[in-house]
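Just below is one structure, and these are the notes that go with it.
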Amino acid sequence: MIACHKDSNFQKAKQFTPERWIDPATENFTVNVDSASIVVPFGVGRRSCPGKRFVEMEVVLLLAKVSMGYILIFDQKVSQSNPLTLPDGPGLRCEFR
C-alpha cells in the first residue's frame with residue numbers, strides 16, 4: 001500500500017484521484033501499464049495469496065445478500081435468450097427499489 005502513495009509511482013499520489021484508473025482513450029477502467037505491477041493486492045505466481053478465491057467468493061455472497069433486499073427494475077427490455085450474460089453494446093440502465 002505504501003507504493004501507491006509514492007509520487008515516483010503515480011502523479012499526485014497522495015490525492016484522491018480515481019480518474020487515474022480510467023483510460024482516456026476508451027473511458028474504460030484500466031490499470032496503467034507502467035503501474036500495473038505496483039497494485040497487485042493478492043500477489044502473483046507462486047507467492048500469491050491462498051485466500052484470494054475465498055475473498056472473491058465472499059464478495060459475491062455479500063453482493064447477493066445486499067441485493068436480495070431490493071427490487072431491480074430495468075429501463076429497457078432484457079433478452080431472456082441467455083440470462084447469464086449481458087448483451088454487447090451500451091450498458092443497461094436499472095433502478096433499485
- Query: Label-point separation (nm) for E95 and V40, each offset 7 Å from Cα along Cα-to-Cβ?
  - Reply: 4.6
- Message: Could you work out how much longer the chain between Q15 and A3 gets when fully extended? Use 0.36 nm per residue separation minus the Cα distance between them, nm to one decimal.
- Response: 2.9 nm
- On the first, second and third principal axes, largest extent first, how far apart are the outermost C-alpha atoms of the range 2-79 in Å? 46, 35, 23
- Query: How high is the FRET efficiency from F74 to T30, r the C-beta distance, R0 25 Å, rounded to 0.05?
  - Reply: 0.40
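Here, each number is a calculation from the coordinates, and none is a lab measurement. This one's a predicted model, so the numbers in the text were calculated from it and none came from an experiment. As a convention, Cβ positions derive from the backbone with ideal geometry for all residues, glycine included, and neighbour counts pool all protein chains shown.
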